Amino acid sequence: QVQVVESGGGLVQAGGSLRLSCAASGSIFVINAMGWYRQAPGKQRELVAQMTSGGNINYADATKGRFTISRGNVKNTVYLQMNSLKPEDTAVYYCRLAQYTGEYWGQGTQVTVSS
C-alpha cells in the first residue's frame, strides 16, 4: 500500500506564487518517477512537471520557466514551486508516484488563480 498526500494549494492573485508539497509513504521500493499533474474543469489531466530516477526533469511547455520541481530533504517528498501564476493555471493539482508495483495518485489540491 502506498499513500500519496499533497498540500499547499489555495487562492492566489495572478502573478503570485504558491508551493505545493507531496509526501509518499508505505510500501515504496525504487521510485521510477515522481511528479505533478493537473486537471482543469472540462479538461484532461496533464503533466506539469516530473522527476525520474535517471535524473531527468520534464516540464510542460506551459510551465517552463515559471514552475520548479524539486526533491525534499525528507525521503519520498517532492515540491512544486509555482511563480508568476496565471488564471489558466487554475486546476486541481495531483502528485503521482510510479514504481514497479504501479502508479499511485494523491487526492489532489486545488489551486485557484484570480485575475
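The values are calculated or read from the model by the stated rules, or taken from the named source; none is laboratory data. The shown structure was predicted, so the numbers you read here are calculated from the model rather than taken from an experiment. Please note: Cβ atoms are built from the backbone with ideal geometry, for glycine as well, and neighbour counts cover all protein chains shown. Note: accessible area is taken over every heavy atom of the protein model, side chains too, but ligands, DNA and RNA are not part of it. Shrake-Rupley method; radii C 1.70, N 1.55, O 1.52, S 1.80 Å.
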Hey, can you tell me all the residues within region 85-111 that are out of contact with any Gly (no Cβ under 6 Å at 6 or more places or on another chain), under 20 Å from R66 (Cβ atoms) and either open to solvent by 50 Å² or more (accessible area, probe 1.4 Å) or hydrophobic (A, V, I, L, M, F, W, C) (or both)? K86, P87, E88, A91
First in region 54-68 and closer than 11 Å to D89 by Cβ, second anywhere and aliphatic (A, V, I, L, M) and surrounded by fewer than 16 Cβ atoms within 10 Å (Cβ to Cβ), Cβ under 7 Å, 6 or more apart: A60/L47
Give region 1-51 a look and list any residue that's among the acidic types (D, E) and open to solvent by 50 Å² or more (accessible area, probe 1.4 Å), or say none. E46
So which residues in region 29-49 are out of contact with any Lys or Arg (no Cβ under 8 Å at 6 or more places or on another chain) and of a type outside the set (F, W, Y)? V30, I31, N32, A40, P41, G42, K43, Q44, L47, A49
Looking across region 4-35 at residues that are in a strand (DSSP E or B), more than 15 Å from the chain's Cα centre (by Cα) and polar (S, T, N, Q), the single one that is modelled with the highest pLDDT is Q13
Could we say that G54 is small (G, A, S) and either open to solvent by less than 40 Å² (accessible area, probe 1.4 Å) or on the phi < 0 side of the Ramachandran plot (or both) here? yes
